[in-house]
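Here, each number is a calculation from the coordinates, and none is a lab measurement. Note that the coordinates shown come from a computational prediction; the quantities given were computed from them, not determined experimentally. We place every Cβ from the backbone using ideal geometry, glycine too, and count neighbours over all the protein chains shown.
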Amino acid sequence: MKHRRVVVFLSVIIIVVVALYVVVSLYLIKDISSKNDILKQEKQGLDLKVKQLEDVIASMPLETKSFVIPSKHVENIHVREKELEDATEDFVNYQQYIPNFCPLADFILTKPYLPKKNHYGIDLAGKIGEPVYAAASGVVETIVLNDDIYGKILVLDHLNGYKTRYGHNSYINVKVGSFVRKGEQIAKVGNTGISSAPHLHFEILYHNKNIDPELKIK
């Protein structure tokens, strides 16, 4: 008897759960259907507006369909373009006088910038006769042919506070007072002065104070 009551109780619970599931499912189906109807109506409204806009554009005269920039704005654009071109040219010219071009095409850094040890440049090992290039455009300020330490020395003034010094050269291609351009050959690697092997001693000065060339050259 007790077993039968349990079975009846469980059957009632199952029936209630199934009934609730059916009711909830019907509600959700009805809700989704209602939302779909709303979306369809909104789509139809948008389609109608697009069609109306297309009809308006089609009825417009041909010349009004093109976007026309007022002449004063065109002039302003041209002015801005010219300003940008001038600024770009100024920047390029400015960069020509910044000593960031490596003076040797192929080298090994054999000694870094060590001001505490009185070494105010960097040593770039190369081959005898290898071209030495100007690190920036400038004027040849000084040429020394018999320096006790650096042998044949060349100094360029870059006319903006920067100067560069090139030591231990075997040959110097330029003369004092001549103008050289960035990347132009100015000398040849040598072993003059106090030097144990062919190399270029390269210094950068800013307002007559040495700075580490490795911070500038690329």
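Structure above, values below:
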item: Net charge, residue 157 excluded, C-beta distance under 11 Å - Lys, Arg +1, Asp, Glu -1; result: +1
item: Separation of alpha-carbon centers, segment 116-142 and segment 193-213, rounded to whole Å; result: 6 Å
item: Long-range HN-HN contacts of residue 111 with modeled amide H, under 5 Å; result: 123
item: HN-Hα J in Hz across segment 109-117 - Karplus 6.51, -1.76, 1.60, θ = phi - 60°, x for Gly and Pro; result: 6, 9, 8, x, 6, 9, x, 5, 10
item: R0 of 25 Å, Cβ-Cβ distance residue 110-residue 149: FRET efficiency to nearest 0.05; result: 0.95
item: Amide H contacts of residue 132 (H built 1.01 Å from N, under 5 Å, at least 5 apart or other chain); result: 186, 187, 188, 189
item: Rounded FRET efficiency, nearest 0.05, which uses the C-beta distance separating residue 175 from residue 206 and R0 of 30 Å; result: 0.75
